[in-house]
Amino acid sequence: MKLKSLLLVSALCGISTSTFAQMQLELSLKEITTGQYHRPYTAVWVENSRGESVKTLALWVQHDGHKWFKDIRRWWRKAGRDNPAMVDGVSSATRPAGKYHLDWDLSYDEGKPLAEGDYQLFIEVVREHGGRELIRHPFSLPGNDFNVKLPATSETGESQIHYSR
Amino acid sequence: MKRLIPLTALLFQPLTQAHDRWILPTHFNVSAEDGKGVWISADVSASNQVFEVDKPFGAEDVLIITPEGNTDRPSSSYRGSRRSVFDYQLTDEGTYRLEKEAKPRYFSRYKIKGQDKPVRSNLDKAATHAAMPKDAVELEGALYFSRVESYVTLNKPSDKAFTPKGEYLELVPVTHPADFVEGEPLSLKLLFNGNPAQGVKVNVVADGTRYRNQIEEMSLVSDKDGLVQFTPAKAGRFLLHAEYEEAMKDTRLADKTVSEIFLTFEASLQ
């Protein structure tokens, strides 16, 4: 029953990708033992071909009002400063080093399915007293299934993006 | 008791996780005709990023050591919400030292069974012991001493402002700060209680971390003569942080001394 109505919704929208398509991200935050370590501020989001943010998947930041958001520079410029309601909905505490699994059903922040087109997935990791990394990975919807490895950076371990239609 | 020492050393990592502190003068080297003074201004702030003003670290108590070795005070100062500012007129030829008045302070901390986070105290160990609850454990204390300083030169450089006091950690330039130049090695000497201090950890970071992804710090350790040498790759302003720890012989008030220096300097163009 539920399946049917979902199919109906996607048929009505006409522009959506398959209802079952999804993207999974396995993000690895690196163990860092040098210097003063603070857990990194991390944002994961998707921009369309015009560089507009369409979805924030994760926002891990120290909860101290919105004070530290500006330090996640690109995410703040593209997504955070325009959408306080989304920010409050999605933000959660900083995470220690480790592997994190994120699922995305290819919907916008508002929940409706994403249109076909070219997109980029962004991962921004910023550490107080430490470095910053901005990782980007382009993809197209609907496009073909893929499974890519994102090489390790100074702040992240080897990570993976998996997409299936 | 012996058994406790390595454990203490481990737990002891910074008792206070303090911000960087700095005095950033508008000019490090100025020139003027004989008898004509030159005004300089300086920002005083504490922050987690180099020279990004953040906290109002006061300028009222800044000391100025003149080229003759006298002590002076700023002409005027202002305390803002993100920084303090002071003005000073250089009148004598030579090198001045700008310094935040430094006083030793005790910090202690202990744990309460069943709680993860230690309780911090601004008192020495004995006073903390008297005030803490009966079930407290792992009491540790440190004596902290920090200097925040910078050098400014009018016309011909001089050395008198370098004269150490023989107390805690001190930094004496070997290469004169007015001769710090990009691409050229410079050296500094570190002293503890007046003697060359081996094993002082020194980090140097160039201005502009807000606009680059990596901090790109130089990390050094002083040798047996207390010397460190490094080469600023590019001209610009830098913040140097030196830190030295020593276990105390008499541990009634503190287990160790932690002494640090923040030095702001400029490397000139070739």
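In degrees, nearest 10, range 0 to 90: what is the angle between the Cα axis of helix A:2-13 and the longest Cα principal axis of chain A?
90
So who's got an amide H within less than 5 Å of the one on B:Leu139, skipping anything under 5 residues away but keeping other chains? H placed 1.01 Å off N, in plane.
B:Lys111
Taking all pairs of distinct Cα atoms, average 1/r, flip it, and tell me the Kirkwood hydrodynamic radius of chain A in Å to one decimal place. All intermediate terms of the calculation are to be shown ahead of the outcome.
Details: mean 1/r = 0.0601 Å⁻¹.
Kirkwood radius, chain A: 16.6 Å.
Given a Förster distance of 35 angstrom, what is the FRET efficiency for B:Ser41 paired with B:Ala233, based on the Cβ-Cβ distance and rounded to 0.05? Mind showing how you got there, number by number?
Working: r = 28 Å, r/R0 = 0.79.
Once rounded, the FRET efficiency stands at 0.80.
Where in segment B:82-116 does the amide nitrogen come within less than 20 Å of the point 7 Å from the Cα of A:Gln36, taken along Cα to Cβ?
Correct set: B:82-84, B:100-110.
Rule-of-thumb check for segment B:205-270: C-alpha Rg over 2.2 N^0.38 Å?
On the way: Rg = 15.9 Å, N = 66, 2.2 N^0.38 = 10.8 Å.
In units of the globular-protein estimate, segment B:205-270 measures up at 1.48.
Would you mind giving the three semi-axes, in whole Å and largest first, of the ellipsoid equivalent to the protein assembly as shown according to its Cα gyration tensor? Provide the component values of the computation, followed by the final result.
Details: eigenvalues 498, 164, 74 Å².
Ellipsoid semi-axes (Å, largest first): 50, 29, 19.
Restricting things to alpha carbons, tell me how big segment B:57-167 is in terms of Rg and Dmax, in Å.
20.2, 62
Calculate, axis by axis, the spread of Cα positions in chain B along the three principal axes, and write the results as whole Å, longest axis first.
So the extents along the principal axes, rounded to whole Å, are 68, 39, 39.
Other chains near B:211-217: what is the mean number of their Cβ atoms within 10 Å of each residue's Cβ? Don't skip to the end; give the middle numbers.
Details: counts 0, 2, 9, 6, 6, 1, 3.
Mean number of neighbouring Cβ atoms from other chains: 4.
Just to be sure I understand the model, the point goes 7 Å from the Cα along the line to the Cβ. What's the resulting A:His63 to A:Glu116 distance in nm?
With each label point 7 Å from Cα toward Cβ, the separation is 4.2 nm.
Find the percent of Cα-Cα distances in segment B:156-270 that exceed 20 Å, and round it to a whole number. Present the calculation step by step, with values, prior to reporting the outcome.
Details: 2918 of 6555 pairs.
Beyond 20 Å sits 45 percent of the P(r) for segment B:156-270.
Enter the mean projected area of the convex hull around the alpha-carbon atoms of segment A:41-130, in nm², rounded to one decimal. Could the numbers behind the result be given before it?
Numbers: hull surface 24.2 nm².
Averaged projected area of segment A:41-130's Cα convex hull equals 6.1 nm².
If one computes the Cα centroid of segment B:252-267 and of segment B:83-99, what distance in Å separates the two points?
22
Give me the Å³ per residue figure for the convex hull around the C-alpha atoms of segment B:43-108. Walk me through the numbers on the way to the answer.
Numbers: hull volume 7.3 nm³, N = 66.
Looking at segment B:43-108, the number lands at 110 Å³ per residue.
For segment B:110-187, what log10 I(q)/I(0) values come out of the Debye formula at q = 0.19, 0.27 1/Å, with one point per alpha carbon and no solvent?
One equal scatterer on each Cα of segment B:110-187 leads to -0.85, -1.30.
Could you sort the peptides B:105-112, B:156-163, B:26-33 by per-residue average Cβ neighbour count (10 Å cutoff), highest mean leading? If you can, show how the numbers build up before the last one.
Numbers: B:105-112: 19.2, B:156-163: 16.4, B:26-33: 14.4.
Result, highest mean first: B:105-112, B:156-163, B:26-33.
All of the numbers you see were taken from the coordinates with simple rules; none came from a lab. Since the model is a prediction, treat every value here as computed from it, not as a measurement. In this analysis, Cβ positions are derived from the backbone assuming ideal geometry, glycine residues included, and neighbour counts consider all displayed protein chains.
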